[in-house]
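Engineer: Once you've had a glance at the structure underneath, I'll fire off some questions.
The values are calculated or read from the model by the stated rules, or taken from the named source; none is laboratory data. Because the structure is predicted, anything quoted here is derived from the model rather than measured. For neighbour counting, all protein chains shown are included, and Cβ atoms are generated from backbone atoms with ideal geometry for every residue, glycine included. Quick note on the areas: whole protein, heavy atoms, side chains included, nothing else; ligands and nucleic acids left out. Shrake-Rupley method; radii C 1.70, N 1.55, O 1.52, S 1.80 Å.
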Amino acid sequence: MGSHLKNILIVSFGFLLLFTAYGGLQSLQSSLNADAGLGTASLSVLYGAIILSSMFLPPILIKNLGCKWTIVVSMGCYVAYSLGNLYPSWETLIPTSIILGLGGAPLWSAKCTYLTISGNMQGKKENKEGRDIINQYFGIFFLIFQSSAVWGNLMSSLIFELADDRASITEEQLNHCGAADCPVTNVTGNSTIDIPPDSLRYILVGSYIGVGVLSVILVAVFLDDLDKEAAQEFRDNRQPFFSVFLATFKHLRDKRQILLIPMTMYSGFEQGFLAGDYNKSYVTCALGIRYVGYSMICFGATNSLSSFAFGKLSRYTGRIALFALATVTNLSCIIALFLWKPHPDDLAVFFVFSGLWGMADAVWQTQTNALYGVLFEEHKEAAFANYRLWESVGFVIAFGYSSYLCVDVKLYVVLAVLVVGMVLYGCVEYIEYKNPTACTENKLEVEENPYIAQSKL
């Protein structure tokens, strides 16, 4: 096995373990920590902290620690959040949410930078286009990573099977499900959710903590430190803090980054809609909460397989065709969700929507990450920090209005962001067609500087 492929697999399985724990906890916050809205408040604080960390932390940590140790330290922040869920309270969960949020942006920026470094180096070694190898690596990563939704939600489903005493759902309630669900009717709020006993909480959260610690050990011990020398050189010649702090915002001078903001935000909107509104207003409202985990398993499995397939297909179809496929898929789903009246007799339809949404999300995740890596090769840390920043803004807005707007209004919002995002993305592709981005490996001699994907912040 090649060393670069080995490193990609280690990063991928590390993230799989980490987000098996975090994903499971995130999906349970509204039920396990329902008192005074503690769970949902922690998620709001978490994504707000990610926005703040996106502004300055990724370049600082990556340049001082290198990609590997930035990933390790950031993973520790996620484990801290799991620890906070052992004895959840405002004093424990909110601070650990802030810690996780501060580690979120550096984690993803370091991962994206590491995969791009590996792809460019392997492309130079094989005398192939670096961007093709990068697409393959992102496809492999998301194939493995997205399956975390399967394992995390399987654990949550088992909890609800043991602890949930399902309430009967009347025809009157079904009339207010789907696009007709509105905060005024408060139908989904009437679903009976039995909180599992503390013994089950400790077993579950303890298992999540163990899985998270294992992910940290896996990356710390087995991942190669590709940019160690570059990080050491930066520590010896570091730039003022203020210039590093502004790196993320200076990147906004690139008009391509400005044009990509709506599409990047849409990634947060569409994930927030599925995790919050679809699961609550369609699945829970019509079937009951025990089916939420199974719905997300369908989403995760489809997402994982599609990520791998699209990573391969992108070499032949190009990214534009895949973005078009995702756009048509999401548009069709949104229109259908407007018209469909969810009912328990249509059990298969619930999973069809989850599967189609997972297929489209696979494109948004793999191709948007790869797009940033290709367009902004010389400023990757700042570019990926912007990616996490604007995606998190989408999450915060989606979660923020979730309790106040009717589902049909939310569908209009998601639809509008998608249309605007894709129109502006088309402008980016036109600019790229007129002025193609030169590959970094064509500018630098690998023998002189093997860290060809590092920016010069």
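Engineer: Note the angle between two axes, namely the Cα long axis of helix 148-163 and the longest principal axis of the Cα atoms of the chain, as a number of degrees from 0 to 90, rounded to the nearest 10.
Structural biologist: Rounded to the nearest ten degrees, it is 20.
Engineer: Something else: Within 10 Å, count the other beta carbons around each residue, average over each peptide in 344-350, 217-223, and list them highest first.
Structural biologist: My ranking of the peptides, most packed first, is 217-223, 344-350.
Engineer: Quick check on my link table: of K128/K255; K255/K410; K125/K380, which ones sit more than 23 Å apart, alpha carbon to alpha carbon?
Structural biologist: From the list (K128/K255; K255/K410; K125/K380), the Cα-Cα distance tops 23 Å for K128/K255; K255/K410.
Engineer: How much solvent-accessible surface does L252 expose, in Å² to the nearest 10, with a 1.4 Å probe and all protein chains in place?
Structural biologist: 40
Engineer: How big is the accessible area of D225 in square angstrom, nearest 10, if you roll a 1.4 angstrom probe over the protein chains?
Structural biologist: Probe radius 1.4 Å; accessible area of D225 about 40 Å².
Engineer: Work out, in µm²/s and without decimals, the Stokes-Einstein translational diffusion coefficient of region 284-391 at 10 °C, 1.306 mPa s, Rh from Kirkwood over C-alpha pairs.
Structural biologist: 103
Engineer: A further question follows. What's the carbon and sulfur percent of the chain's accessible surface, probe 1.4 angstrom, rounded to a whole number?
Structural biologist: Roughly 65 percent, rounded to a whole number.
Engineer: Placing +1 at every Lys and Arg Cβ and -1 at every Asp and Glu Cβ, with all other atoms neutral, what dipole size does region 24-173 have around its Cα centre, in debye to the nearest 20? Could you put the intermediate results ahead of the total?
Structural biologist: Details: 8 positive and 10 negative charges, 229 e Å.
Around 1100 debye, computed over region 24-173.
Engineer: Round to the nearest 10 and give me the degree value, 0 to 90, for the angle of helix 3-32's Cα axis relative to the longest principal axis of the chain.
Structural biologist: With rounding to tens, the tilt is 30 degrees.
Engineer: Measure nothing fancy, just the Cα-based angle from helix 380-401's long axis to the longest principal axis of the chain, in degrees from 0 to 90, nearest 10.
Structural biologist: 10
Engineer: With just the Cα atoms defining each centre, how far is region 126-154 from region 390-435? Give it in Å.
Structural biologist: 24
Engineer: Can I ask one more? Before I look further, what does the chain give for accessible area per residue, probe 1.4 Å, in whole square angstrom?
Structural biologist: 40
Engineer: Order 69-76, 305-312 from most to least packed using the mean count of other Cβ atoms within 10 Å.
Structural biologist: Highest-to-lowest ranking by the protection proxy: 69-76, 305-312.
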